[in-house]
Each structure stands twice: as C-alpha cells, then as structure tokens.
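Below is one structure, written out as structure tokens; comments come after it.
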C-alpha cells in the first residue's frame, strides 16, 4: 500500500495514537518506524520498564486510553522510608518524600503501545523503515500529493527505497531527531529548523538502570525503595516492582555512560545499591543499563542543550509545515511535556488539525 491519505513517521505512543484515531475516522494510514519494534520510548523487557514508567492522576488522556484498551495497571509502591546519600554517608528519611501518587503499567508501559497497535488494520505499521526524506509537492489545498522515501534498514546499503505517497504526514518523533535524520524538500523554514534542533529530547541525556531481584527485600526492612544520592552513578532511585512485588526491581536515573567513572558500570551500580539498601542488593538476577543518549532512533548525534524545556509546546508546532506536515511528540505538546500524556495530547492536536483541513486528507 504505497498510496495513503496520511503517513505517520514513528510508531511511538504518539504515532500510534494518531494512526488509531485517523483509522477510526476512515482515513488510510501507513506508519513508518525505524526500529524493529513499536513503542519508541515505551520500552519494556518481560514487563520491566526500561523507558517510560509512570502516569499520574491528573492525566485524563492516558487514563481514558488505559480503560478503553483494558490495560492492567497498579499504583506505584510508596510505603516505607526513603534513603538519602551525600558525602557524609547514608541517612534514612522517615516516610517517603520522594515518590508521589502515580500509576504503573502492570505489563510494562510498552503494553499500552502494543494494545493500541493491535487494533490497527494489519499492515498499517511498517517496522525497520526509517524515513530518510520527505518531499512536498503542492501546499495548502493543492491536490498534488507529497511523498516520503523510506529505506528499510535491512536493505539500506545499495538497496532500493520504498516511496510512499500521501496527502499529509505526521512527524511523530522528537523534532531534533527529525531535522537531523530526514532530508526535507523544500527545506523546513529556517526559524522552524532552528527551533527543532534546539528542542531537547525528553530523557535523551539519561541512563535508566534496573536491577531485578527474587523478592523486594527492601520492603522487609521498612524501606520504600526510594532514594536520592549525590554519590555513585544513580541519582534518583525508585521501586519498579510489579503488582504484589513480582517481579521485584529497583531502578535509578543516571547520567550518560560516558560521564560515569571509568570501567565496570555493573559493579558501580551494585556497590551503590548495597550502600543504600544492604548486602542483599549485591547480586541482582538481572541488571539492565540503558543509555538513552546512545539510542540512534531517539536522540540526534548532536543533542540540544538539555535545559531548554521552555521550547516544549512552542506555538510553531501547531501549524502544519508547508501546509502538509504536522508535528506530534511529547516535546511539541503544549502541556504535560515529557509525559505519555503529553504525547497523546500532541497526537490529538495533530489529528484535529488534519481532520479539519478538508476532505481527502
């Protein structure tokens, strides 16, 4: 199917939301995803979240989608004391001032993306299909379609490209990644290209570390699994266990790996967790270290300044570029930037603009 009404670039939760709503509105859709999986930053391994984890009570879109899709959730574990580490040592904090009321996906956050993708028509999503160029022919209400050229990674070297023709497109990926990886013809307006390049990718400069154990032993000691540390690689730690403590896990946020002390990242993590939670933390059954700054389909090679979150939801993202290209990622959302809720809001705004732009789009 190389001729569709709308092409969606990216099969993260925003791209899948766009596709789902447009299919329900009777449009023909193709979703092009560079990776060999769905979900984008919703990445789970055996139900353990290696990317996004949480949603919050004040987020209506994600909560409605959970109910609509029948996705199982459970509350973030918060009971017990937290720990705090600085150069003077480790202190136990009475109560848990670190965690707040939030929800988690019992099958991992990727289960939300999977459930949404499963109700799309077969063949809608094409994985291992990174979009390399977008050509716009005709603007506004002109009928001549624009086209994207997508090269599947498996035949990238010397192989033929797939050309997809559509009337409109939704760029459902971080703007900074889009302007680095995609050749636009005609070029994006200079001010928009500068804005996109300067907009940081949410969590793009973060390493997520997850240690999986046979049981949540920290709870037996009256600890919530929450901590803040100014020593060692992990800076903020939380309980990542599933319902009832199975599977049992702790996770922490850290800087990109190239900012860690040299050598043995696994050993550094284990030693810090022992310092914070005791000897039982020394030997996790699994230890996942995911440096999101090294994810080539999430973060550009020259990332933007990580503190320019004021650019999130910029009004420029509300207007279709060249009259045909719409933007939808958590970075372009006018609210809840960085959250799953923000990605869903950005997707809904793109869909509303598409459905209001005239018949056949």
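Since every read-out is calculated from the coordinates, none of them should be taken as a lab result. Treat the numbers as computed from the prediction; the structure is a model and nothing was measured. Neighbour counts are summed over all protein chains in view; Cβ atoms, including those assigned to glycine, are modelled from backbone coordinates with ideal geometry.
Here are the numbers for the structure shown:
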| quantity | calculated |
| --- | --- |
| Reduced Cα scattering model of segment 168-317, Debye log10 I(q)/I(0), q = 0.12 Å⁻¹ | -0.62 |
| Segment 207-226 residues near the modelled residue 255 label - backbone nitrogen below 13 Å, point 7 Å along Cα→Cβ | 207 |
| Taking 122, 180, 220, 341 and counting other C-beta atoms within 10 Å, the order from fewest to most | 122, 220, 180, 341 |
| Mean Cβ neighbour count within 10 Å, used as a protection proxy, ranking 105-114, 291-300 highest first | 105-114, 291-300 |
| Relative contact order %, the chain, counting alpha carbon pairs below 8 Å whose residues are six or more apart | 22 percent |
| Peptides 5-11, 81-87 ordered by average Cβ neighbours within 10 Å, highest first | 5-11, 81-87 |
| Tensor-based shape of segment 1-78 (alpha-carbon gyration tensor, a/c under 1.5 rounded, otherwise prolate or oblate) | oblate |
| Label-point separation in nm, residue 63 to residue 297, each point 7 Å along Cα→Cβ | 3.3 nm |
| Modelled label reach - residue 92, point 7 Å along Cα→Cβ, segment 251-276 residues with backbone N closer than 14 Å | 276 |
| Projected label distance in nm at residue 135 and residue 122, using a 7 Å step from Cα toward the beta-carbon | 3.3 nm |
| Overall form of segment 302-361 per C-alpha gyration tensor (a/c, 1.5; a/b vs b/c) | prolate |
| Kirkwood hydrodynamic radius of segment 252-361, Cα pairs, Å | 17.4 Å |
| Convex hull per residue volume in Å³, alpha carbons only, for segment 236-278 | 83 Å³ |
| Distance from segment 27-77 to segment 215-294 (C-alpha centre basis), Å | 23 Å |
| Stretch gain in nm, segment residue 220-residue 191, where the contour uses 0.36 nm per residue and the Cα spacing is subtracted | 4.9 nm |
| Shape parameters for the chain, alpha-carbon atoms, Rg then Dmax in Å | 21.5, 68 |
| Proxy reagent accessibility, fewest Cβ within 10 Å first, across 340, 29, 182 | 182, 29, 340 |
| Computed E for residue 25/residue 101 - FRET, C-beta separation, R0 51 angstrom, nearest 0.05 | 0.90 |
| Computed [θ] at 222 nm, helices only, for the chain once each DSSP H run of length n ≥ 4 contributes -39500 (n - 2.57) | -6500 deg cm²/dmol |
| Using a Förster distance of 41 Å, the FRET efficiency for residue 37-residue 165 (Cβ separation, nearest 0.05) | 0.95 |
